[in-house]
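A.B. asks: Let me begin by handing over the structure; questions about it come next.
Just so it is clear, none of the values below were taken in a lab; they were calculated from the coordinates. Everything quoted here is computed from the prediction, not taken from an experiment. Cβ coordinates were reconstructed from backbone atoms using ideal geometry, including for glycine residues, and neighbour counts include every protein chain displayed.
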Amino acid sequence: MGYDATITQLPLRALFDLQGEPSAIGDWCGDALPAFPERPNSVSERDGRTLIWTGPDHWLLSAPLGAEAGLSEELRPDDAPADIGVTALSDTVTFFAVTGPDAGAVMAVATPLDLHPDTFPADAASWTESFGTKALIRRIGEGYEIAVDRSYSDWFGAMLDRVVA
Amino acid sequence: MAAEPGRLPEGGRIDRSRPLQFRFDGRAYTGFEGDTLASALLANRVRITARSFKYHRPRGVMGAGPEEPATLVELEGDLASGNRPATTVRLTDGLVARSVNAWPSASFDLGAVNQALARFIPAGFYYKTFKWPDWHLYEPSIRKAAGLAGAPRESSNDGYEARHAHTDLLIAGAGPAGLMAALVAGRAGARVMIVDEGAEAGGSLLNRRLSIGDQPAMGWVAAAVAELSAMDNVIHLQNATVWAYREHNLLMVHERSPENSSLSGRSWRVRAGQVITATGAIERMMVFEGNDRPGVMLASAVQAYVNRWAVRSGQRAAVFTNNDSVYAAAADMARAGIDVAAIIDSRDSVPDHARALVPGMEILAGHTVGKVHGRRGLRAVTVAGRRIDCDLLAVSGGWNPAVHLYSQSRSRIVWDERLASFVPGDAAQAVLAAGAANGAMTLGAALAEGAARALAAVAALGRAAAMPALPEAVDTPYTVAPLWTAPGAAAKSFLDVQNDVTVADIELALREGYSNIEHVKRYTTGGMGIDQGKTGNVNIIGAVAERQGKTPGEVGVTTFRPPYTPVDFGAIAGRRAGPVVLPYRHTPLTGWHKDHGAVMYEAGARWRRPGYYPRPGESFQDSVNREARTVREGVGIYDGSPLGKYEVKGRDAGRFLDWIYTNVMSSLTAGNGRYGLMLTDDGMILDDGVSFRLAEDRFLVSTSTGNADAVWQHMEKLLRIERPDWQVRITNVTSQWANATICGPKAREVLAAMGTDIDLAQGAFPFMAFRDGTVADLPTRVVRVSFTGELSFEVNVRPRDLPTLWEAAMEAGRSHGIAPIGSEANHVLRVEKGFLSLGHEVDGTVDPHDLGMGWVMSKKKPDFLGKRSVALRRSAGRPRRELVGIRPLDPDRQIPEGAPLTPGGRKEATEGFVTACVWSVVESRWVGLALLTDGRARIGGRAYVRLPDGIIEVALCPPVFHDPEGERLRS
Amino acid sequence: MLLIDCPFCGKRNESEFVYGGPAMPARPADPSALDDAHWVDHLTVPPNPMGPVEERWWHLRGCGSWLTIRRDTVTHAIAEVRHGG
């Protein structure tokens, strides 16, 4: 083995879970959000803010952790109307980067999701399964980002290390 | 000159510049790069290479590939693995192998005494003989004698990897049909995987001397392989077996010793749009008395050994057949210098195209082998009273298309009278068969079919492909007239060589009424060996058909099951082995707990949690008692982060909670919480927990740790399936909130000392309320719940802040003697209070009344989940098991959790069991909880725990041992 | 390992899903109006045919949808996938 790939655990980032009809979310969040992505399981970006369409009436907004307090003031999760859900989830997800020439091989071990560019293009992002656990996968420049529930991150990081070792 | 006596001076696909040393059954031998263990043993004229499974009869190598039924070996050292057919073990320098069912060696085997007992060990012998008193009494020694290899003790090399792959077209087999299919599909731009079990591509072409176009067939193979390797859209694996065909075109591939890696093996889980099985055909054994004698081999194997490995499997041969394919084999044998004495053909008439291949060779048409001579190895055969001296008998009972994968896909296989075998029928998935695997038994037909099937597959994928010009290929036509069992075949005519199943066994099974082929298989174990009966199954079906007066098609075929060839368990597990074999979850404080000496436990839902924090000189019980007393008398702190937490939001949130909980949640006011029980609609308790109202349309629901996912699923399913019109959305915030729970009479003082803007006074912040504010300058939500029975503050923060909060609490509590508490002490504290625990008192069979919690069942709500079923069950009036407290009369007597209670301690049906038993720090004695029939009415009386080593008498009491009024937790 | 064609995500491995049981008739609006036998039937008699059956799957490790699929228990062929019940 010995894959030419690097596993890096990434710092926390600001995350907000958005649920509801897009018009209602748009009304409440206004300019805080990038445009809604056009395809399911894809991404739109603006000003360092990333919006992923993760499920029916379901989005995940992410930004650098430094933007968390500002976003929280803009989105006012506690005051959002009954028909939408806005929930801070920054601490819930731990992100890893898998980079290097063999990143694809590592991902083939890690997940049954087909990451061929025809089915998982550059702007794709999706929840899927990795080593039996729920994981969010997204393409980044020289590889992939893969994220799991924080509580699994020690085990998951060890698992990725074993694949590369 | 070759070093080995059986090696031809030239030829073969071996590298004579790379000699290899190896050991087999303790003796040293040599071979060459390119050899298999079997070809090297034959080159060294090792005739006895194995002992049979049941009778320990001497056996030699019979096949040349995965069909090998006889010679199984165990490899030692770095390559350690068991039960490998010697024909599939690539020879490497320093290889150490031994036969699996012989001691001390295959040549001299003490177990051979079983041969003399053979007539006492017929089919069903074990079932009949070892039934009384109990099969398990005999099983270990029988397993040892009827031996297969043990599991290797150490894992080998760098272990295994399991990876996923996706492809438009998976082709199983890189013989002529598979390669042609890959070329067509690859040229069309489809994503193609071509997977072959051999060391190199070519399939049957490796073993035969054929031409394609104007070049030797292997030249065409080399060109095809080179073209495929230049295509980015093609993955080509050798040494890799497609061993399972699962639903929705998922196929499992076991790749041995992958290139460019130090792995022992790699498992591929391939999801394919289309599949072509080009798996070739497998030669059948001939069934006659003594057909397992060392020196009896498949004709195709003998042919493969001379052509591919330059090995003569004998010096003087006879050939026994019922079909045409052996004539080319006989010609190759003669060309390699094997003296072919005669071809014995059971057919009365041998086609001219077959005769033409062996001019001058004696052909005994219409004859069969009557007797074989030579005890430890073949010396001669008798045909029609004539003795023919030979040390090799090459046999062919016809060919079976390898339909294993095709059949595993649930597709039909059907009897083909012309081929006298089963062939692919209607497909159940997107699968096509090509070449010999589809009954196309000549090279030209295989190439044409490979191309045609690839075109069809590519078209089904929505791509266009061009039919290539097919090269010319000359091959002998194939005709066969089945001979299922030779005249006189009986107790030494082996149908399944590996499992020692004979014609006599089949006849016994039929006599005893096992007439269905699946029953014959199970009763005789025919076809149930590692080789899965590749050379024998169809013979068994034919033999049964013959005896039942049916056609084999009417008898039918037994189910083909994975794996096609043996697979290492490690390859299936992949990297999920050792310390990461199961997922584990941690909290932000896991490191702190370990640094402070906690003994970590595997708790529910994969969490690793501190069990207790032993101090120097403490026993386990000392530590648990100290921690429990700390909470009862002073202040303790524990990490409650794993508790399940869900935000439930929407216009109908309150209505939804009223429906799923037994009590009313919608009447809560913001800032307050309520304990509730959640039932499934069968009236049993699913979970317990506290729900808080955050706002008019927003609740926070907490669940037990182990049940968090199950409760989430329960809620989501109800909403999306039963109540899609209700506006409720659920967000899992379990990992968004972590908490440190400060508990004990001094908890309020510690929290105050940490600094908070929350008014902690009892009146301002009552039990079951929560307050948002700051503690130690951190944003928090403080909740007044109690799982210990003491004053308790659950301080929730963002996980990133938990270590800071925890350290602040430890600092503020130092003067009060604060100490961390593990799950053991928590268990003691909750048992003393009679708080229920999922998995202890709640096991899916109890309702709230059983636990004395009838008060939680709302009488106001017309309906909630479980209400109807609880009422229905109660209306029957039958006695129920009810929760009680127990005190063993001997205060120092611990009772194992789960111990049964029986009437009077007698050997009778149980009337309940002990759900928990702990050393109570408030009573300084063992106390427990139990579920006991009519328990509440029996409080004040006695019950009896019945254990193997005695009976424990216990006094029954209410299920609470501490602060029954709950004054302390409300304080 | 099934391949389930999620209306939102496309074809995904069974390992992303949680089996939610066979599709049962909708829960009666007023269980107390049912006689005992009918209520017990409702709870305890799931469909279990050899052939097509409707069942629920939760796309827990995907988009979070609850799906109802019609699957042949003999061949595993999935004839229909739809959101919700």
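A.B. asks: Please return the longest range in chain A lying between exposed loop sites, taking GluC sites (Glu not before Pro), DSSP loop only, at most 15 other beta-carbon atoms within 10 Å, and leaving the sites out.
C.D. replies: Details: sites that count: A:Glu38, A:Glu142.
The reported range is A:39-141.
A.B. asks: Ratio of chain B's C-alpha Rg to 2.2 N^0.38 Å, to two decimals? Working shown, then result.
C.D. replies: Working: Rg = 37.0 Å, N = 971, 2.2 N^0.38 = 30.0 Å.
Normalised Cα radius of gyration, chain B: 1.23.
A.B. asks: Taking the mean number of other Cβ atoms within 10 Å as a proxy for protection, how do you rank B:714-722, B:432-440 from highest to lowest?
C.D. replies: Values: B:714-722: 19.9, B:432-440: 28.4.
Top to bottom by mean Cβ count within 10 Å: B:432-440, B:714-722.
A.B. asks: Shifting gears a bit: Relative contact order, percent, of the range B:482-564 when contacts are C-alpha pairs under 8 Å separated by at least 6 residues?
C.D. replies: Working: 103 pairs, mean separation 22.8, N = 83.
Result for the range B:482-564 is 27 percent.
A.B. asks: Round to the nearest 10 and give me the degree value, 0 to 90, for the angle of helix B:537-548's Cα axis relative to the longest principal axis of chain B.
C.D. replies: Around 80 degrees separate the two axes.
A.B. asks: Place +1 on the Cβ of every Lys and Arg and -1 on the Cβ of every Asp and Glu in the protein assembly as shown, take the dipole about the Cα centre, and give the residue among B:Gly928, B:Gly640, C:Gly20 whose Cα lies farthest towards its positive end.
C.D. replies: B:Gly928
A.B. asks: Where the only charges are on Cβ atoms (+1 Lys, Arg; -1 Asp, Glu), what is the dipole of the range B:482-564 about its Cα centre, to the nearest 20 debye? All intermediate terms of the calculation are to be shown ahead of the outcome.
C.D. replies: On the way: 8 positive and 9 negative charges, 18 e Å.
Dipole about the Cα centre, nearest 20: 80 debye.
A.B. asks: What is the helix-to-structure angle for B:823-833, meaning the angle in degrees between its Cα long axis and the longest Cα principal axis of chain B, kept from 0 to 90 and rounded to the nearest 10?
C.D. replies: 50 degrees
A.B. asks: Considering only B:Leu802, B:Thr780, B:Gly763, whose Cα is most displaced toward the positive end of the charge dipole of the range B:754-880, charges sitting on Cβ of Lys, Arg (+1) and Asp, Glu (-1)?
C.D. replies: Value: B:Gly763.
A.B. asks: Here is a follow-up. What is the projected area of the convex hull of the Cα atoms of chain A, averaged over all directions, in nm²?
C.D. replies: Values: hull surface 37.9 nm².
Averaged projected area of chain A's Cα convex hull equals 9.5 nm².
A.B. asks: May I pose another question? Suppose R0 equals 41 Å. What FRET efficiency, 1/(1 + (r/R0)^6) with r the Cβ-Cβ distance, do B:Arg655 and B:Ile572 give to the nearest 0.05?
C.D. replies: Working: r = 48 Å, r/R0 = 1.16.
Calculated value: 0.30.
A.B. asks: Restricting the count to DSSP beta bridges whose residues both fall in the range B:878-971, what percent are antiparallel, rounded to a multiple of 5? Mind showing how you got there, number by number?
C.D. replies: Numbers: 27 of 27 bridges.
Expressed as a percentage, antiparallel bridges in the range B:878-971 total about 100.
A.B. asks: Jot down the per residue volume, in cubic angstrom and as a whole number, of the convex hull over the alpha-carbon atoms of the range B:15-112. It would help to have the intermediate numbers written out before the result.
C.D. replies: Numbers: hull volume 8.1 nm³, N = 98.
Convex hull of Cα atoms, per residue: 82 Å³.
A.B. asks: On average, how many beta carbons from a partner chain sit within 10 Å of the beta carbon of a residue in B:865-874?
C.D. replies: Working: counts 2, 1, 2, 10, 4, 0, 4, 6, 0, 0.
Shielding by partners across B:865-874 averages 3.
A.B. asks: Using alpha carbons only, how many angstrom separate the centre of the range B:303-349 from the centre of the range B:756-806?
C.D. replies: Going from one Cα centre to the other spans 88 Å.
A.B. asks: Let me ask something else. Can you tell me the dipole magnitude for the range B:15-112 around its Cα centre, using point charges on the Cβ only (Lys, Arg +1; Asp, Glu -1), in Debye to the nearest 20?
C.D. replies: On the way: 13 positive and 11 negative charges, 79 e Å.
Charge dipole of the range B:15-112: 380 debye, to the nearest 20.
A.B. asks: Check the cysteines of chain C one by one and keep only those with no other cysteine Cβ under 4.7 Å from their own.
C.D. replies: Here C:Cys63 come out as lacking a disulfide-compatible partner, given the Cβ-Cβ threshold of under 4.7 Å.
A.B. asks: Which value, to two decimals, describes the C-alpha radius of gyration of the range C:3-83 once divided by 2.2 N^0.38 Å? Kindly include the intermediate steps, with their values, before the conclusion.
C.D. replies: Working: Rg = 14.7 Å, N = 81, 2.2 N^0.38 = 11.7 Å.
Dividing the Cα radius of gyration by 2.2 N^0.38 Å gives 1.26.
A.B. asks: Sticking with this structure for a sec: With the calculation restricted to Cα positions, what are the radius of gyration and Dmax of the protein assembly as shown in angstrom?
C.D. replies: My reading of the Cα-based Rg and Dmax gives 36.0, 114 Å.
A.B. asks: Please determine, in degrees from 0 to 90 and to the nearest 10, the orientation of helix B:802-813 with respect to the longest principal axis defined by the Cα atoms of chain B, where the helix direction is its Cα long axis.
C.D. replies: It works out to around 40 degrees.
A.B. asks: For a quick protection proxy, order the peptides A:135-141, B:94-100 by their average other-Cβ count within 10 Å, most packed first. Working shown, then result.
C.D. replies: Values: A:135-141: 18.3, B:94-100: 20.0.
In decreasing order of mean packing, A:135-141, B:94-100 become B:94-100, A:135-141.
A.B. asks: Of B:Lys594/B:Lys649; B:Lys649/B:Lys867; B:Lys521/B:Lys550; B:Lys833/B:Lys907, which sit over 27 Å apart, Cα to Cα? Display every interim value, and only then the final one.
C.D. replies: On the way: B:Lys594/B:Lys649 38 Å; B:Lys649/B:Lys867 24 Å; B:Lys521/B:Lys550 17 Å; B:Lys833/B:Lys907 32 Å.
Pairs exceeding 27 Å: B:Lys594/B:Lys649; B:Lys833/B:Lys907.
A.B. asks: Sticking with this structure for a sec: Any idea what diffusion coefficient the range B:878-971 gets from Stokes-Einstein, in µm²/s, Kirkwood Rh on alpha carbon pairs, 20 °C, 1.002 mPa s?
C.D. replies: Working: Rh = 13.4 Å.
Rounded to a whole number, D works out at 160 µm²/s.
A.B. asks: In what order do A:Phe120, B:Phe913 fall by count of nearby beta-carbon atoms within 10 Å, going from fewest to most?
C.D. replies: Numbers: A:Phe120 21, B:Phe913 17.
Placing the least packed residue first, the sequence is B:Phe913, A:Phe120.
A.B. asks: Inside 10 Å of the C-beta atoms of A:152-159, what's the mean count of C-beta atoms belonging to other chains? All intermediate terms of the calculation are to be shown ahead of the outcome.
C.D. replies: On the way: counts 6, 3, 8, 9, 3, 1, 4, 5.
Counting Cβ atoms of other protein chains within 10 Å of each residue's Cβ and averaging gives 5.
A.B. asks: Please give the average number of partner chain Cβ atoms lying within 10 Å of the Cβ of each residue in A:86-97, rounded to a whole number. Show your work: numbers first, answer last.
C.D. replies: Values: counts 2, 8, 4, 5, 4, 12, 9, 2, 1, 0, 0, 0.
Taking all residues of A:86-97 together, the mean is 4.
A.B. asks: Divide by every residue of chain A the summed helix terms, -39500 (n - 2.57) for each DSSP H run of at least 4, and state the resulting mean residue ellipticity at 222 nm, rounded to the nearest 500 deg cm²/dmol. Could you put the intermediate results ahead of the total?
C.D. replies: Numbers: 4 runs with 36 residues, N = 165.
Per the formula, -6000 deg cm²/dmol.
A.B. asks: Rounded to the nearest 0.05, what FRET efficiency do C:Met50 and B:Arg16 give with R0 = 56 Å and r taken as the Cβ-Cβ distance? Could you check? Write down the numbers at each step before the final one.
C.D. replies: Values: r = 59 Å, r/R0 = 1.06.
That pair, C:Met50 with B:Arg16, gives E of 0.40.
A.B. asks: By average Cβ neighbour count within 10 Å, what is the ranking of B:868-874, B:32-38, B:924-930 from highest down?
C.D. replies: Working: B:868-874: 18.0, B:32-38: 25.0, B:924-930: 21.6.
Result, highest mean Cβ count within 10 Å first: B:32-38, B:924-930, B:868-874.
A.B. asks: Amide H neighbours of B:Leu495 under 5 Å, at least 5 residues apart or on other chains, H built in the peptide plane: list them.
C.D. replies: Long-range HN contacts for B:Leu495: B:Val501, B:Thr502, B:Val503.
A.B. asks: Got a sec? Charge dipole of chain A, +1 on Cβ for Lys and Arg, -1 for Asp and Glu; which of A:Pro81, A:Ala158, A:Val148 is way out at the positive end?
C.D. replies: Farthest towards the positive pole: A:Ala158.
A.B. asks: Considering Cα pairs under 8 angstrom that are at least six residues apart, work out the relative contact order of chain B and quote it in whole percent. Can you show the working numbers first?
C.D. replies: On the way: 2311 pairs, mean separation 85.3, N = 971.
Once normalised by length, the contact order is 9 percent.
A.B. asks: Based on other C-beta atoms within 10 Å, arrange A:Asp91, A:Asp4 from fewest to most.
C.D. replies: By the 10 Å Cβ count, ascending, the order reads A:Asp4, A:Asp91.
A.B. asks: Moving on. Using helices alone, what [θ] at 222 nm do you get for chain B, with -39,500 (n - 2.57) per DSSP H run of 4 or more residues, divided over all residues and rounded to the nearest 500?
C.D. replies: Details: 24 runs with 216 residues, N = 971.
Calculated from helices alone, the mean residue ellipticity at 222 nm is -6500 deg cm²/dmol.
A.B. asks: Moving on to the next point. Mind checking the dipole of the range B:737-814: about its Cα centre, +1 per Lys or Arg Cβ, -1 per Asp or Glu Cβ, Debye to the nearest 20? Walk me through the intermediate numbers first.
C.D. replies: Details: 8 positive and 10 negative charges, 31 e Å.
Using Cβ point charges on Lys, Arg, Asp and Glu, the range B:737-814 gives about 140 debye.
A.B. asks: Can you list the equivalent-ellipsoid semi-axes of the range B:644-732, largest first and in whole Å, using the square root of 5 times each Cα gyration tensor eigenvalue?
C.D. replies: On the way: eigenvalues 59, 47, 30 Å².
Each semi-axis is √(5λ); the values are 17, 15, 12 Å.
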